[in-house]
Amino acid sequence: MPTFVVPLDGSSFAERALRHAAALAARHASGSGGGRVLLVACTWPEDPPIEARLQDRADLLRGLVDVEVRIMDGADPVEGILSTLDAGPDRTLCMATHGRGGLRSALLGSTAEAVLCRVTDPVVLVGPATRSTVLPGEHGRLLACSDGSPFADEIVPVASTWAGDQHMDLWLVEVIQPDEGIHAPGEPPVLELRRAAEGRLAALGQRVDERDREVQAQVLHGAPASRAIRLFAEDLPASLIAMATHGRTGLARSALGSVASDVTRTAPCPVLLHRSTPGTP
């Protein structure tokens, strides 16, 4: 059963991830017959009571999807969240983040960064600008972003699987900047850059899972790349943005990269982040 794990600390900000996790679980359940949300919090005796608040939030979602609340008394937050993720198959971390300075100001601060540094499976982050929630039965679009590098292209098979599971159309995009690249004599640089990007996206399209209902590709222009992605996601509109991250030091800004960090901070929808495999350039 696909399970979306939402760490909570009793704050309303952390709870912003709840509706998005429930919507993703419900959309997955609509095609597989199962899906749930697991709310997890780690507390100590001196902490304010939190169980009643979590149960209340769970009750609000139970008409949409199965919800379970887990309070881990006296548990180290990092180990508690990681053990919850490891306790069963097909579990995805879904959490809110402020997005300031990468992920160092995520919902639990250093705790969140420590968790993200050790999670190897894709995670869903809900940034401060996230507004939209795609509902079960609603037409959804998943936007997978590449920059033409083998590292970034690792997101495509992951995005393809998610698009199939979530019953979303898949869009492949690459951002180019007109003042970069080598061009043929007499040919505007942007034309050659665009043709090269279109060729790369066409090749990526061959790697897409056939379950996807529709796959489209779009070359975007602009700088910075994060702004071009955000504007396209707003216009589409996108239900989920998928990007690859570096795997050397977790998902802090130095490893996440400035583009992925800025997209997470400004995106109008949740962002699916996948850590690259070791040895990827």
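The values are calculated or read from the model by the stated rules, or taken from the named source; none is laboratory data. Worth saying up front: this structure is predicted, and the values here are computed from it rather than measured. With ideal geometry, Cβ positions are generated from the backbone for all residues, glycine too; neighbour counts draw on all protein chains shown. The area values use the complete protein model at the heavy-atom level, side chains included, leaving out ligands, DNA and RNA. Shrake-Rupley method; radii C 1.70, N 1.55, O 1.52, S 1.80 Å.
Quick look at the values:
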quantity: Space enclosed by the convex hull of the alpha-carbon atoms of the stretch 115-168, per residue, Å³; calculated: 123 Å³
quantity: Value of Rg to Rh for the stretch 1-77 (Rh from inverse mean 1/r over Cα pairs, i.e. Kirkwood); calculated: 1.00
quantity: Surface accessible to a 1.4 Å probe, SER258 within the full protein complex, Å²; calculated: 60 Å²
quantity: Mean projected area in nm² (Cα convex hull; one quarter of hull surface) for the stretch 35-100; calculated: 5.5 nm²
quantity: Theoretical FRET efficiency, 1/(1+(r/R0)^6), r = Cβ-Cβ of ASP86 and ILE50, R0 25 Å, to 0.05; calculated: 0.65
quantity: Cut-off under 5 Å, modelled amide H: who pairs with ARG275 long-range; calculated: THR245
quantity: FRET efficiency, 1/(1 + (r/R0)^6) with R0 30 Å, evaluated for GLN216 and ASP59 via beta carbons; calculated: 0.15
quantity: Neighbourhood charge, 9 Å Cβ-Cβ cut-off, centred on SER226 and excluding it, Lys, Arg +1 and Asp, Glu -1; calculated: +2
